[in-house]
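*Asks:* Below: one structure in structure tokens.
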Amino acid sequence: MDKTNDSLTGTRYLIIAASLVIIIAGITLAKSVIVIGLLSAFLALIGTPPVLWLEKKHVPSFAAVAVVISVMIIVLLMIGVLVGTSVRSFSQALPFYQIRIQEQISSFETLLINKGITSSDKALLNYINPETIMNFTASLLSELSLALSNIILILLTVTFILLEVSSFPIKLREVLGNPKAVFPKFTKFIVDIRHYLVITTLINLAAAILIGIWLSIIGVQYPILWAFLVFLLHYIPNIGSVIAAIPAVLMALIQLGVGSAIFVSVGYLGVGFIIGNIVQPKVMGSRLGLSTLVVFVSMIFWGSLLGLTGAILCIPLTITLKFAFESNEATNWIAILLGPEKLINKK
């Protein structure tokens, strides 16, 4: 009897593992569609609070949605124009930076020779090259650009989602056959996700503005481009701020020299420290309910599946999975493993 039970258990786990492989393969194949859906949900969650606020002020639902969508269109157009202009200008200036690099490498080689050290200028050129910065920046933005190429479809999806926001609880009660039903767990889940996205967006915007101002003061070219990377990559936990600093630091090194590159690094470190250790813990608290290890692993997992969009939205996606596991007694143990130790100690 025990052998039969063990066999059934083993078969069950094998089926679960095979199902996960099929699901992951399906996600990979449908990546473009899923990315569009995730970006739509992301914008809809950010747009929901102003829509609900306008409706409370007795603004008709359609008009409230139209106002929010119009603001989104204006913001996206402004970002597209400013960042696109910076990218084009940077591409046109590449020959000048090549000459600048050759001069810096020659000076550095002379210094090394005086110290009795020989080096290869080609090797140095491979490590410090504006084309490398451009390719690195382009690789970060290419996937998002591909997703935003469907911006009309995304905005239409966001519009329909926002139009349904206020009526969704009513429809859900109708489906359940209980007009007085309440959904405290689901409501808390939505509020936490929305809180995370809205607060993180505001924090990232503040970080981008501070970095943009700092780079402008130092004199680093294309501060808008580097500030946009800060805003975008700060959504990625743990390493996003580090990745965002690399292009700007290298740019400062090429354009202005070692001293300016150090000042740029100090600015990035200062903003990253203040946001990561002071601002975020204070405004976010322990709402996420995820362990540090899970956050890091989720970034790798979702990033490998969905690219840059997956890395940016790894925390909301993992929180969604955790909520789904918590909703079922059979999978609640997985939710416990995903959560931080301090929440277990409180119980």
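The values are calculated or read from the model by the stated rules, or taken from the named source; none is laboratory data. Here the structure is a predicted model, which means the values were calculated and not measured. All Cβ positions, glycine included, derive from the backbone under ideal geometry; neighbour counts span all protein chains shown.
*Asks:* Condition first: more than 22 Å from T200 (Cα to Cα) and at pLDDT 80 or above. Now tell me which residues in segment 257-290 satisfy that.
*Replies:* G259, S260, A261, I262, F263, V264, S265, V266
*Asks:* Restricting to segment 51-60, count the residues that are surrounded by fewer than 17 Cβ atoms within 10 Å (Cβ to Cβ) and either in contact with a strand residue (DSSP E or B) (Cβ under 7 Å, 6 or more places away or on another chain) or touching a residue at least 12 places away in the same chain (Cβ under 8 Å) (or both).
*Replies:* Of the residues in segment 51-60, 2 are surrounded by fewer than 17 Cβ atoms within 10 Å (Cβ to Cβ) and either in contact with a strand residue (DSSP E or B) (Cβ under 7 Å, 6 or more places away or on another chain) or touching a residue at least 12 places away in the same chain (Cβ under 8 Å) (or both).
*Asks:* I've got another one for you. Return the only residue of I151, I133 being within 22 Å of V81 (Cα to Cα), at pLDDT below 65 and among the β-branched types (V, I, T).
*Replies:* Working: I151 fails: at pLDDT below 65.
So the residue among I151, I133 that is within 22 Å of V81 (Cα to Cα), at pLDDT below 65 and among the β-branched types (V, I, T) is I133.
*Asks:* If we keep just the residues of segment 169-197 that are at pLDDT 70 or above and in contact with a helix residue (DSSP H, G or I) (Cβ under 6 Å, 6 or more places away or on another chain), which is farthest from F231 (Cα to Cα)?
*Replies:* Checked segment 169-197; the qualifying residue farthest from F231 (Cα to Cα) is F189.
*Asks:* For W333, indicate whether it is in contact with a Cys (Cβ under 8 Å, 6 or more places away or on another chain), assigned to a helix (DSSP H, G or I) and at pLDDT 70 or above.
*Replies:* no
*Asks:* Looking at S139 and the list (1) within 16 Å of the chain's Cα centre (by Cα); (2) hydroxyl-bearing (S, T, Y); (3) at pLDDT 70 or above, which single condition is not satisfied?
*Replies:* Result: S139 fails condition (3) only.
*Asks:* Within the group A44, A25, A63, which residue is modelled with pLDDT of 75 or more, surrounded by 16 or more Cβ atoms within 10 Å (Cβ to Cβ) and assigned to a helix (DSSP H, G or I)?
*Replies:* That would be A44, the only listed residue that is modelled with pLDDT of 75 or more, surrounded by 16 or more Cβ atoms within 10 Å (Cβ to Cβ) and assigned to a helix (DSSP H, G or I).
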